[in-house]
1. Compute the distribution of all C-alpha to C-alpha distances in segment 120-162, in bins of 10 Å from 0, and list the percent of pairs in each, rounded to whole numbers.
2. Please identify the chymotrypsin sites (Phe, Trp or Tyr not before Pro) of segment 106-145 that satisfy two criteria: DSSP loop assignment and at most 16 other Cβ atoms within 10 Å. Which are they?
3. From the backbone phi of segment 117-131, what are the Karplus-calculated ³J(HN,Hα) couplings (6.51 cos²θ - 1.76 cosθ + 1.60, θ = phi - 60°) in whole Hz, Gly and Pro given as x?
4. Enumerate the amide H contacts of residue 74 below 5 Å, restricted to partners 5 or more residues apart or on another chain; note that Pro and chain-start residues carry no placed amide H.
5. HN-Hα J couplings of segment 98-113 from phi, Karplus 6.51/-1.76/1.60, θ = phi - 60°, integer Hz, Gly and Pro as x?
6. Using a 1.4 Å probe and ignoring any ligands, DNA or RNA, find the accessible area of residue 139 and quote it in Å² to the nearest 10.
7. Report the gain in length on full extension from residue 24 to residue 152: 0.36 nm times residue separation, minus Cα-Cα distance, nm rounded to one decimal.
8. In whole Hz, with x marking every Gly and Pro, tabulate ³J(HN,Hα) for segment 58-65 from phi via Karplus 6.51 cos²θ - 1.76 cosθ + 1.60, θ = phi - 60°.
Amino acid sequence: MQNIANLISEELIYAFGWTVIHSLWQGAMVALILGVIMIPLNKKSAQLRYVISFSALMSILTMAVITFATLISSGPVEEQILMVGTFESGMTEVGLSKWEALGSWFSQYFNEHLPIIVTIWLLGLLFFTLKLFGGLAYISYLRKRHVAPVTAHWQAKNAGDF
């Protein structure tokens, strides 16, 4: 099996991987805010709730694009990993708090596993894209299928004449 690092540059893997990780907490934050906003809007129009929900989805997309653009333009991956490594080697000397140590461990762990994260994300993207096109093909098939019209009995039921 071929490694994804052979297909995609290390900079793209770094940017995609961290964008996926950051989009998880960003999406959770937007969902929490949306949930709070929707409580008083329960009795308002469906169109208003739809527009607010759509805006929330677009804000998640916008944040992901901004995160990706920031990460891809932040410089070579080697420098970023070197900075994390320097930070971690100074941990014992400086005596970091448990939260800083946890953040450092988190960064190191995900930097090591970014190729796996990106591979899983791309496989999910491929799966749901194929599912979308399969659904569209099935709808097209159903529309082109020649079927006999329904009987008068079912047409009467549809019209509400029981």
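The values are calculated or read from the model by the stated rules, or taken from the named source; none is laboratory data. Since the structure is predicted, the reported quantities are computational estimates derived from the model, not experimental observations. Heads up, the Cβs are rebuilt from the backbone with ideal geometry, glycines too, and the neighbour counts pull from every protein chain shown. When the accessible area is computed, the model is the full protein with side chains, heavy atoms only, and any ligands, DNA or RNA have been set aside. Shrake-Rupley method; radii C 1.70, N 1.55, O 1.52, S 1.80 Å.
1. Here the calculated profile for segment 120-162 is 24, 22, 23, 18, 11, 2.
2. none
3. 4, 5, 4, 4, 5, 5, 5, x, 4, 4, 4, 6, 5, 5, 5
4. Under 5 Å from the amide H of residue 74 lies no amide H from a residue far enough along the sequence or on another chain.
5. Along segment 98-113, the couplings run 5, 6, 5, 5, 5, x, 5, 4, 4, 4, 5, 4, 6, 4, 6, 9 Hz.
6. 90
7. Going from the current span to full extension adds 40.8 nm.
8. Once θ is set to phi - 60°, the couplings for segment 58-65 become 5, 5, 5, 4, 4, 4, 5, 5 Hz.
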